[in-house]
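Okay, so here's the structure we're looking at.
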Amino acid sequence: MGLLTQGTPLSWEDTKKWADHVRKHGIKQFVAQYKKLMSRKKDVLYWGDEIEYQLIKFDHINRKVYVALKAQDVLRRLKENSEKNSNTPETTSWHPEYASYQVEGTPGKPYGGLMAHFNTVEANMSQRRKEIQDQLEEDEAPLSLTVFPRLGCGTFTWPIAKANPVNGISRSLFFPDEAINQGHVRFKTVTRNCRVRRTEKILINIPIYKDINTQSPFIEDFSILGDDGTSAAAAKPDHIYMDCMGFGMGNCCLQVTFQASCLDEAKVLYDQLAVMCPIMLALSASSPVYRGYLSDNDTRWPVISGACDDRTKEERGVEPLKENQYRIAKSRYDSIDSFISTLGEQYNDIHLTFNQEIFEELIAQGVDDLLARHIAHIFIRDPISLFVEHLDEDDENDTDHFENIQSTNWQTMRFKPPPPNSNIGWRVEFRPMEAQLTDFESAAFSVFILLLTRVILSYQLNFLIPISKVDENMKTAYKRDAVISDKFFFRKNILTEYCKNTLNGFGITDTNQEYELMTINEIFHGKEDFPGLLPLIDSYIDSIDIDVDTKCTVTQYVRLISLRASGHLQTTAKWIRNFVLNHPEYKQDSVVSDSINYDLLCQMTQISRGELYDPKHLFPHVSKSSNMIPEAVCQAEAFLDQKFSCGQC
Ligand code: ADP
Ligand code: MG
Ligand code: MG
Ligand code: MG
Ligand code: MG
Ligand code: MG
């Protein structure tokens, strides 16, 4: 969850008083690093994934399953173990997450740029899963599960905790304070400040999946949970209502970060990958159930977006502007609002709200127009947590104020400037994907995105479409079965002049209209006049030096993506949905009961351990993946480190 400063949190009223101070110094800090590092060039490719896990506890006698509120303890022991083994190179690294049933694991150090690293990704993920499992009891498991299906239903935590709608941090009817990570005061602070800033409880309404016996209209009685009428008024008929940050921040996802060779390359990757966000959200869909009900959505995005929406009524346009400065179109957790590469500029067709004063300051300091707009846009937000101990910082060498705003703009893509006094370069983070159940799937999605970046850069592909169309695609991507039933705006002519000369045999027609609606199958496999992403990736793999083992590994990953894109294999969302619909205890009423949830998570645990698979969802694969990078690869890497350069620098 980005920056995790510890200390004494300020109240919301005090945080608000310091907001301009944080923004002013945040910008100074950004400018100081920008000036030092804007010309930094020839960084080699490093990259890494982040996987979030939920700690799950099974009660096999009563066929009930809980989220286990023990992340703080598990995390401490995971970190201790990493330190104990510090004489060997660190393979895993552990980070706290929002909920006290969640942990986040990353590789101990990033993967390098050579294809041979693909052989270590899955093994590293399996190692992470094993390290968590080693800290758990026999009736517990770590699941890379996007949404716990009965999150917020009665007694869903172990130990059992009760929500407190009157005095609880979030005022939720469903989500107890104990489920918020207590180890870092920041999580509680962000929860409180988000609600107080907004001046009312968080509000999320997700359409329910209407089955033949679903109550119609579907309206719940919240008075038994202590509702004072607020929730009853906020909940829409035929929707699953949720009321706090935990419903979104308590979900898990899969993120991938890449180091670019220079600032310009980072901008190109940021823009090109932004177009892929809705597509990959739909393809990685794995969350059809919320608060015990089957929904009509397959992905978490609208839930987490609503869960982190701290905008006031004025900012949301419900009331006329008085106290606040801007109307703001989106939650601070949402898709990006502007492209930042030179090529991207002409596709910025949505109104961008930005802080004029900050924009002018950035321009005065020599930051280019597009990047200045992006930074001035994310800086329309207030800091939502601030610590007494961190008010004054050294703007030349610290970036805490910058990171405070940057890391609470939870967008589909994140543009990451190099941290001060490090040897890390300009990076880009790809953030939309849902958590995948198995390490095989997580590796496949991560490696696929990495390959896509290589193909984009090597062939100088252009995926850009008006950013308003990317937003429309996001809305399509949430929907049930979007991956096989819906169409997405995609650029028709993705091959630039450069690749037309490089790649013979890919048919191209010039068209006036730059984009059209395509199915995900067409986007990935191509059609008449459109080459398709996977054939381009195949052609790239054929063109590079790659050993047999690595090729085998990569081929299986690409195959999974291909079969999911064509609909021959189900997304995890579809698989979960079908599991519920076909469960003997399911009453065609949209309800995912405790025992259905128990059976579902038992199977998911077996699948995640590789003990079981459903041929409608996965195929048997041979994992040649190993945690050891051969010495020769390390040497080749060191050589590259000195020689590398890209087209941009
Ligand atoms: P955040 O939570 O801020 O998004 P994390 O530190 O949790 O970031 O994870 C970032 C990911 O980036 C990890 O997988 C890590 O291995 C990887 N990474 C670390 N250093 C680099 C680098 N120089 N270039 C690219 N990726 C990196
Ligand atoms: Mg995280
Ligand atoms: Mg992280
Ligand atoms: Mg998170
Ligand atoms: Mg982090
Ligand atoms: Mg991240």
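No value in this document is a laboratory result; all are computed from the given coordinates. This structure is a prediction, so every number in the text was calculated from the model and none was measured. Reconstructed Cβ throughout: ideal geometry from the backbone, glycine too, with neighbour counts over all protein chains shown.
Values for this structure:
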read-out: For H617, H95, order by how many other beta-carbon atoms lie within 10 Å, fewest first; value: H95, H617
read-out: Cα pair distances exceeding 21 angstrom across the stretch 278-372, given as percent; value: 54
read-out: Those lysines that a straight Cα-Cα span of less than 25 Å connects to K162, excepting residues fewer than 8 apart in one chain; value: K57, K64, K70, K188, K201, K236
read-out: Gain on full stretching of the segment that runs from I219 to K84 - 0.36 nm per residue minus C-alpha separation; value: 43.2 nm
read-out: Stretchable slack from D368 to Q356, in nm (0.36 nm times residue separation minus alpha-carbon distance); value: 2.9 nm
read-out: Sorted by Cβ density within 10 Å, fewest first, the residues D211, D20; value: D20, D211
read-out: Amide H within-cut-off set for K64, under 5 Å, with H built and near neighbours excluded; value: D59
read-out: Ratio of Rg to Rh over the stretch 322-381 (Cα coordinates, Kirkwood Rh, two decimals); value: 0.97
read-out: Cα gyration tensor shape for the stretch 195-349, rounded if a/c is under 1.5, else prolate or oblate; value: oblate
read-out: Proximal aspartates and glutamates relative to K574, as straight alpha-carbon distance under 19 Å, when same-chain residues fewer than 8 apart are discounted; value: D211, D296, D298, E434, D439, E441, D481, D486, E585, D589, D599, D614
read-out: Span-like helix ranges in the chain, DSSP H, alpha carbon extent 27 angstrom or more, Kyte mean at least 0.5; value: 263-283, 439-459
read-out: Rule-of-thumb Rg ratio for the stretch 300-352 [Cα; 2.2 N^0.38 Å; N residues]; value: 1.35
read-out: Computed E for N423/V166 - FRET, C-beta separation, R0 51 angstrom, nearest 0.05; value: 0.50
read-out: The stretch 405-464 versus the stretch 533-547: alpha-carbon centroid distance in Å; value: 20
read-out: Cα-based shape type of the stretch 1-157, given that a ≥ b ≥ c are square roots of the gyration tensor eigenvalues and the cut on a/c is 1.5; value: oblate
read-out: Charge-dipole axis of the chain as Lys and Arg at +1 and Asp and Glu at -1 on Cβ define it, positive-most pick from V147, M38, I358; value: V147
read-out: Shape of the stretch 42-123, Cα gyration tensor, a/c cut at 1.5; value: prolate
read-out: Taking all pairs of distinct alpha-carbon atoms in the stretch 134-256, Kirkwood radius in angstrom; value: 16.0
read-out: The stretch 403-472 pair-distance distribution - Cα-Cα, 10 Å bins, rounded %; value: 15, 35, 40, 10, 0
read-out: Size of electric dipole in the chain: Cβ of Lys, Arg +1 and of Asp, Glu -1, about Cα centre, debye, nearest 20; value: 460
read-out: Residues H377, H401, H351, H390, sorted so that the one with the fewest Cβ neighbours within 10 Å comes first; value: H351, H390, H377, H401
read-out: Under 27 Å from the Cα of K41 - lysines, other chains or at least 8 residues apart; value: K28, K109, K267, K416, K643
read-out: Alpha-carbon Rg/Rh ratio, for the stretch 259-316, with Rh computed the Kirkwood way; value: 1.14
read-out: Compactness of the chain as Cα Rg over 2.2 N^0.38 Å, two decimals; value: 0.92
